[in-house]
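The values are calculated or read from the model by the stated rules, or taken from the named source; none is laboratory data. The structure displayed is predicted, hence computed values, not measured ones. Cβ sites come from the backbone with ideal geometry, for glycine too, and all protein chains shown count toward neighbours. These accessible areas exclude ligands, DNA and RNA; they are computed on the full protein's heavy atoms, side chains included. Shrake-Rupley method; radii C 1.70, N 1.55, O 1.52, S 1.80 Å.
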Amino acid sequence: MSLLMMDSSSTRRYRVPSTPVLSLEHPCIVQNSQKAVQMVGGPSEIAQALNIDGEKTLGLRFQLDNPDSRTVISYNKKTDNLLLKLTLPKRTGRKRKRGSEDEFVEHSQEDNRKDVAYLLRSLHDNSKRYEAEVVGKISSTHIWRTMPDLVYSTRDSQFLREVQSKIMPQDYPLVKQWSLPESYGLQDTEIFPPAVLSTQTLSSNYTYRQNPAVKTVSDPATGKRSLFNTQAPQRLFTYQCQWNDEKYPDQPNPDCPPLQDFPDSHIQLYGLIQRLFDQRPIWTRRALINQFPDDAPVFAARYIISYVAYALRSGPWRDTFCKFGLDPRKDPSYRKYQTVMMQLLHSGEGFDRSWARSKDRSSHVFTGKPPYPTDGKLWQLCDLEDPDLKPLVDTPEINLRHECELRYFGWYSNGTMAKIRIALKAKSDALISHETLDPAAMRNFLTLPDYWEGMGMADSSDQIRTSMGFLGKDASKKELEWAAAYRSLCRTTAGSLPTSGGSGKGRLSKSKRKTTSSYLEAGQTPLSEEPDVPEGYEEPEDGDEEQDEADEEDEDEEPEGEDQEP
């Protein structure tokens with residue numbers, strides 16, 4: 001024990017001996033001190049680290065009997081601490097209830113480990129009966145903060161066990177006893193595990209924190225507490241139907257909350273939407289919103305619409321809302337509500353598709369005059385008031401199909417829908433780019449037939465047969481491009497998909513950068529068909545994900561810009 005030096009003051013002073021002390025913050029719960037010392041290299045490694053001026057680190061191994069276990073290197077942290085030795089009266093092990101006068105009884109101690117709480121309690125109980133002694137100065141502390149590497153288990157590998165027992169001890173007599181197996185490489189071949197399995201030594205700090213919008217609420221009936229996200233989006237209950245669904249819904253989703261739970265403004269909006277669908281059974285999103293008054297809560301329309309109509313996500317009535325109980329595939333009178341969606345120039349600038357009100361209440365009506373509305377790229381046929389397009393929409397019923405084509409054309413013939421799509425695309429591009437479209441060229445293009453039966457027909461005269469989908473040689477380059485797109489779109493007969501040769505294994509929205517000539521010389525008979533739809537006239541891919549995988553496979557089957565025999 002060090003000498004206790006007393007002076008005139010009441011402060012105790014202790015002499016610090018020069019004994020070197022090393023502190024180890026072992027990452028494990030130490031129950032066997034000898035094994036804990038062996039894990040860091042043994043007494044020899046610790047003795048080398050006791051050098052005051054040294055920077056030596058210690059390596060810790062969690063599996064002493066496994067040579068494949070990588071060591072975890074410590075951080076040698078310089079400190080200026082003291083090691084104190086506190087001597088307390090030894091406890092007898094007998095106990096009695098605190099504050100009572102009962103006799104002390106024997107108490108068995110199953111765990112002899114003394115934790116911090118036990119030591120602090122002992123100091124408190126013996127505040128005047130303990131002795132303190134300074135053992136030495138702690139000049140460095142070794143801490144471990146890195147993660148250990150993964151270890152590949154070689155317990156069941158006979159070959160690696162031989163290597164570990166005869167090669168790694170570096171004993172020559174043992175090395176002479178070892179030889180490579182004769183069957184190595186022929187059967188039951190083993191591979192050496194990599195020296196390093198993980199290069200991540202420090203754990204990532206993900207900075208997890210509670211979402212500030214999540215609140216704790218209690219059930220008033222049961223008192224059970226649960227978490228509730230106050231900013232979670234409200235669930236939509238609108239039916240999303242596809243072109244090939246056998247039956248369309250005739251009533252709202254049964255999971256829809258009662259209308260009485262909504263505010264009065266939402267209930268009034270429900271009545272307005274119901275009246276609009278009584279006037280017109282099929283609406284596009286922007287056409288419906290353009291009918292709302294200025295004080296209507298437009299943001300609530302996406303929730304209220306599920307009580308009145310269902311959504312069609314594909315087919316001739318794509319991206320429309322249809323009144324419950326109505327199937328437009330059953331009645332040709334609903335043909336005017338079919339839609340056309342196009343890929344437009346500068347598609348990244350505007351052309352939003354959201355529940356937002358447009359400044360122009362007639363933005364859903366296409367007149368062919370500037371300015372071009374930028375709040376969407378979807379048009380219903382009944383909203384096409386352009387003088388070149390309206391006659392195509394109002395085509396006589398004799399030119400309609402006897403049965404609805406469910407995938408692309410609906411009740412219209414293939415030539416009629418192809419001309420509507422191409423003419424609308426050409427006029428839209430001209431308005432966006434502020435160019436003037438040649439009316440004569442458009443009229444010449446619209447002379448193509450409303451129904452296209454394909455190519456390969458014999459031409460007995462020297463005159464160009466417009467019924468074959470070709471224009472005269474004096475046609476402009478733009479007219480030839482329109483004619484090529486017309487034939488490619490018409491090739492999608494009976495819902496099949498266009499591809500080279502008319503085999504029907506492509507997609508309506510497929511495009512190629514090159515097109516072949518779209519005119520015939522006098523007396524010439526077409527023997528081949530162009531590739532797929534020229535670029536820009538195809539159907540946009542948004543919402544048409546069903547055929548993506550098949551289309552990817554067909555893309556490389558045809559050399560670009562070359563004709564193939566039918």
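Points worth noting:
- Restricting attention to segment 59-85, the residues that are more than 44 Å from the chain's Cα centre (by Cα) and farther than 30 Å from Glu133 by Cβ add up to 2.
- Only one of the numbered conditions (1) over 30 Å from Val16 (Cα atoms); (2) at pLDDT 85 or above is not met by Ile143, and that is (1).
- Matching option when the condition is out of contact with any Cys (no Cβ under 8 Å at 6 or more places or on another chain), farther than 30 Å from Val196 by Cβ and not assigned by the TED database to the domain that holds Met39, among Lys137, Lys128, Lys176: Lys176
- Considering segment 209-237, and only residues there that are of a type in the set (Ser, Thr, Tyr) and assigned to a loop (DSSP other than H, G, I, E, B), the residue that is least open to solvent (accessible area, probe 1.4 Å) turns out to be Thr230.
- Gln200 fulfils the conditions (1) among the polar types (S, T, N, Q); (2) open to solvent by 70 Å² or more (accessible area, probe 1.4 Å); (3) in contact with a Lys or Arg (Cβ under 9 Å, 6 or more places away or on another chain); (4) not in a strand (DSSP E or B) except for a single criterion, (3).
- In the condition set (1) surrounded by fewer than 18 Cβ atoms within 10 Å (Cβ to Cβ); (2) of a type in the set (Ser, Thr, Tyr); (3) in contact with a Leu (Cβ under 8 Å, 6 or more places away or on another chain), Tyr303 is compliant with all but (1).
- Test set (1) farther than 30 Å from Asp68 by Cα; (2) within 29 Å of the chain's Cα centre (by Cα); (3) not acidic (Asp, Glu) - Ser203 fails condition number: (1)
- The residue that is farthest from Phe321 (Cα to Cα), among those in segment 253-264 that are open to solvent by less than 50 Å² (accessible area, probe 1.4 Å) and over 30 Å from the mean Cα position of the chain (by Cα), is Phe262.
- Scanning segment 290-332 for residues that are in contact with a His (Cβ under 6 Å, 6 or more places away or on another chain) and of a type outside the set (A, V, I, L, M) returns a single hit, Asn290.
- Whichever residue in segment 20-57 is modelled with pLDDT of 85 or more and among the β-branched types (Val, Ile, Thr) and, among such residues, is least open to solvent (accessible area, probe 1.4 Å): Val40
- Of the residues making up segment 420-444, just one is open to solvent by 10 Å² or more (accessible area, probe 1.4 Å), over 35 Å from the mean Cα position of the chain (by Cα) and of a type in the set (Val, Ile, Thr), namely Thr436.
- Every residue from segment 136-169 that is of a type in the set (A, V, I, L, M), open to solvent by less than 50 Å² (accessible area, probe 1.4 Å) and not in a helix (DSSP H, G or I): Ile138, Ile143
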